[in-house]
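Peer 1: What follows is a structure written as structure tokens; I'll ask about it next.
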Amino acid sequence: MDVIQQLARALEGRYTIEREIGRGGMATVYLAHDVKHDRQVALKVLDPELGAVLGVERFLSEIRVTARLQHPNLLPLFDSGEANGLLFYVMPFVEGETLRAKLDREKQLPVDEAVRMTVAIANALDYAHGHGVIHRDLKPENILIQHGQPVVADFGIALAVSRAGGARVTQTGLSLGTPMYMSPEQATGDRVIDGRTDIYSLGAVAYEMLAGEPPHTGTSAQAIISKLMTEEPRNLTAVRRTVPDRVDFAIHRALEKLPADRWPTGKAFADALTGTGPPSAAGVRSRNAAVAASRTPWIVAVVAVVVAAAALITAVVRRPSEAPGVTLRFDLVVPDTERSLTVPGIPFDVSADDRQIVYVGQAGAGQRLYTYDLQTGVTKPIIGSEGGFQPVFSPDGKSIVFVNGDNLVRVQTDGGSQTRVIGLDKQSDAGMSWVDPDTIIASLGGQLVAIPTNGGPTVTLSRPDVAHHEKMQWGPHDVLGRFIAYVAVSPEGVAAHRLGILDRKTKVAMLTSNLAVTVLGAIDDRVLWITASGMVMGARIDHSTGALGQPRPIPVDNVNVGPSGAGKAVLSRGGSLLYRRGRTVNDLVIVDARGAATPLGAEALAYRHPRWSPDGSKVAAVVVTSDGEDVVIIDTRTKAMSKLTSGTGINDAVAWTPDGKRVAYRAESDGGSIKWVAVDGTDRPSTLLPASRSAVGVEFSQDMKWLLYRTTTATSIRRDLLYLPANGEGEARVIEAGGGGIYRLAPDLSPDDHWVAYTSDESGRNEIYVRPFPGPGARVQISAGGGDEAKWSRDGKSLYYRAGRDLYEATLGFAGGVTVAARQLRFTSSYVTDQTMRDYDLSPDGKSFLMLRNADTQVETTVVYGWANEVRRAWP
């Protein structure tokens, strides 16, 4: 039973749950109908794990304080309670928009409007603080705009959560505060938090309304907090000359690092903004002089901290037995860092004694393995490792195995000739771990095998269960010497991969409900894995059955997940963590028929699935954000970008209508329905296909008579290709049925609407097929040796497709059916690929391709020495 059904049953007669309308770090928001009062409300349900930590009585007792607040700029609390184990609270449903949506659209607000809104919120803070209630999570997302007036939502909820849960809340990994708007005392974990922390947050919001960005930004929470603690925000008058001196001074005083230096109350802040308080222009000049005079001591202090940390790292790594329980964090900087460590898969490993790192680095036009000694800081190439990737240390740290072409090979850590261990399937990267001196467990041909390191025959441990959506089993890790934790790869894509547990004693594999893209391994009896969003999760495993307990988040800052789905992180036997943090960003590039790329010129972001508009004037694409995925529109002439979707959740699978006026996309926040909306902003998104259709993306026929789509995992094992009238109504008809473990993916209609190309794995690997649309007629295999991401040429005479990194063109004939006249390799590249949904597009003139090139500008590599100590302390 899903959450909506659970809520509907528990709250029957009180509230009718209509749909999910938002999702945040602590709660999911549903639009509901208050039956008794006949009104729409926003019903917010706390994260179940957080609710379990808090307890029903403690939370409801704390939230009663919030219910007593009554102010025109505060959103009141209507109701709260417990429904079948879920904690909820109810507030009015505001028909306006959030300040975040307004800033995303306008970037900067007029000075008088920003001041007016800040004054109103400051007065609301003054009222709430006078009643002993602190917000603790004030940000644009929590400020609603109703009839032009700001209304603060969730007032005191974070405080109620903190008081109810105490220290247990931080152990869940949930943050009470948002880094860009968090006060320094929140960032450093001070237990004494008063109303001045809200003053700081409001100052940060006001700064963003005027400057167009928060006072401190960065690529990760750690980077933002580092700037928060060490840097001063720029003067607003330097960013925007129309900001009055008194406003600049008032906001900067609100942003002072010490609470004692801020405005003592919300009223004092409001008075300073409006000029009704004490004169402040002189304060601006004195503040600027003080900031300039203070910079040198700050720099000296930071340098001293870095030097001291380096000395401590060296001491601990050299003498680990003398520093039990120590945890250290530091960035790994190796020669040519930006080009190293960015290859597909997991590009590094840590030795069992935590003293060496092996990583994939550049070597001329190719690549090779390097070692980095944490004790000396010396980097050395491994002779004989040219062309290698996915390195793994032996248990004693003296050897390394890695993938090189179609072979798994072994080499001594200090270099030497390669020794072939076993041959590999071309589509396999082994996803392996070295469990004991004589055995490597790996994914070979999609199944789990044990590989003797002496070159003996492999032993099959487990095979994918196609009836339960396992396409392959990947990335195995030993747990307690008896179990193997692995990733069950789904044909539906990275977001649907799950965690599997294999019992080596009974040879039974159990597929869990936990979403996972990479297994880290285990610390004692805690199994650890990474999700597609870069979160690290963990659960205890039963020593006798292999059953997992309740999963919990582990505080790690945003593990980078590559386009292939691999989480860039490893856990050593000694308990140290090495990971890439941040989001991988891509450049949109135009690639000619020879493979030469020219940047489109748009900002590098985490793009997916770009699509040209029919006239070539715009590009629609999906951008991965910290809150989910948004659909954006890029003007190819001005490079200006606008968001087509707003809020949180997943919005993906974009498609243009043939006239270029509308874009369709999948909205998981609405249960997985297909929405569409006018690109010029003349209407609001409306539902094209309801969630009950279980559609993943759509394709429009050129005559706009038909809509082509495929089904998801939501309703059945089958993966069908279907079509129905373009208005989304009527009965869907099957083009190609799935079932029996066969999947049909990424359909593309020919320009004349007579043929449909798609991917199918019916032969045991993905290949491209074509069949008549809508039929009847037989299908014909187009690719040979594997194929994904089919795209018709503009004249419909050939078909492009990807095979690994290669782009092929198949020239077709249509006399009496489809025939393949020739296949030609167009170019080989490292452009981003996606087997489930095409990650490139053909230009409207048919002469070039729009592709994604990894820019990797927002990712850093971090070592957490002794991370296991931290996990054990937080999770006894």
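The values are calculated or read from the model by the stated rules, or taken from the named source; none is laboratory data. All values reported here derive from a predicted model rather than from experimental measurement. A quick note on method: Cβ atoms are made from the backbone with ideal geometry, for glycine too, and the neighbour counts reach across all protein chains shown. Remember, those area values only see protein heavy atoms, side chains included, never the ligands or the DNA or RNA. Shrake-Rupley method; radii C 1.70, N 1.55, O 1.52, S 1.80 Å.
Peer 1: Extending each Cα 7 Å along its Cβ direction at Asp806 and Thr819, get the distance between those two points in nm, one decimal.
Peer 2: Computed distance between label sites Asp806 and Thr819 equals 2.4 nm.
Peer 1: Another question about this same structure. How high is the FRET efficiency between Ala596 and Arg68 when r is their beta carbon distance and R₀ equals 60 Å, given to the nearest 0.05?
Peer 2: 0.35
Peer 1: Of the peptides 233-241, 132-140, how do they stack up when ordered by the mean number of other Cβ atoms within 10 Å, highest first?
Peer 2: Output ranking for 233-241, 132-140: 132-140, 233-241.
Peer 1: Okay, next question. Past the 19 Å Cα-Cα mark, which pairs from Lys102/Lys639; Lys139/Lys639; Lys107/Lys139; Lys618/Lys643?
Peer 2: In this structure, Lys102/Lys639; Lys139/Lys639 exceed 19 Å between Cα atoms.
Peer 1: Using only protein heavy atoms and a 1.4 Å probe, report how much of Trp656 is accessible, in Å² to the nearest 10.
Peer 2: For Trp656, the solvent-accessible surface is approximately 30 Å².
Peer 1: Here is a follow-up. Quick one: Karplus J couplings for region 514-525, per residue in order, coefficients 6.51, -1.76, 1.60, θ = phi - 60°, nearest Hz, x for Gly and Pro?
Peer 2: In residue order, the calculated couplings are 7, 6, 7, 10, 8, 8, 7, x, 9, 10, 6, 9 Hz.
Peer 1: How high is the relative contact order of region 574-682? Use alpha-carbon pairs under 8 Å, at least six apart in sequence, and give a whole percent.
Peer 2: The value is 16 percent.
Peer 1: Can you tell me how much longer the chain between Thr419 and Thr376 gets when fully stretched, taken as 0.36 nm per residue apart minus their C-alpha distance, in nm with one decimal?
Peer 2: 12.6 nm
Peer 1: Just to confirm, what accessible area per residue do you get for region 462-543 at 1.4 Å probe, in whole Å²?
Peer 2: I get 37 Å² per residue for region 462-543.
Peer 1: Continuing with the same structure: Report the extension gain between His131 and Phe78 in nm, rounded to one decimal, defined as 0.36 nm multiplied by the number of residues separating them, less their alpha carbon distance.
Peer 2: Full extension from His131 to Phe78 adds 17.3 nm.
Peer 1: Can you give the FRET efficiency for Asp194 and Asp245, using 1/(1 + (r/R0)^6), R0 = 41 Å, r = Cβ-Cβ distance, to the nearest 0.05?
Peer 2: 0.90
Peer 1: Using the Karplus equation 6.51 cos²θ - 1.76 cosθ + 1.60 (θ = phi - 60°), what ³J(HN,Hα) coupling, rounded to whole Hz, does each residue of region 69-86 give in order, writing x for Gly and Pro?
Peer 2: For region 69-86, the Karplus-derived couplings read 6, 9, 8, x, 9, 10, 6, x, 9, 7, 7, 7, x, 10, 10, 6, x, 9 Hz, x marking Gly and Pro.
Peer 1: Show me the ranking of peptides 142-151, 77-86 by mean Cβ neighbours inside 10 Å, starting with the highest.
Peer 2: Ranking the peptides 142-151, 77-86 by packing returns 142-151, 77-86.
Peer 1: Then there's this: What list of ³J(HN,Hα) couplings, whole Hz, do you get for region 867-876 from phi and the Karplus terms 6.51, -1.76, 1.60, once you set θ to phi - 60° and write x for glycine and proline?
Peer 2: 3J(HN,Hα) across region 867-876, in whole Hz: 4, 4, 4, 5, 5, 5, 5, 6, 9, x.
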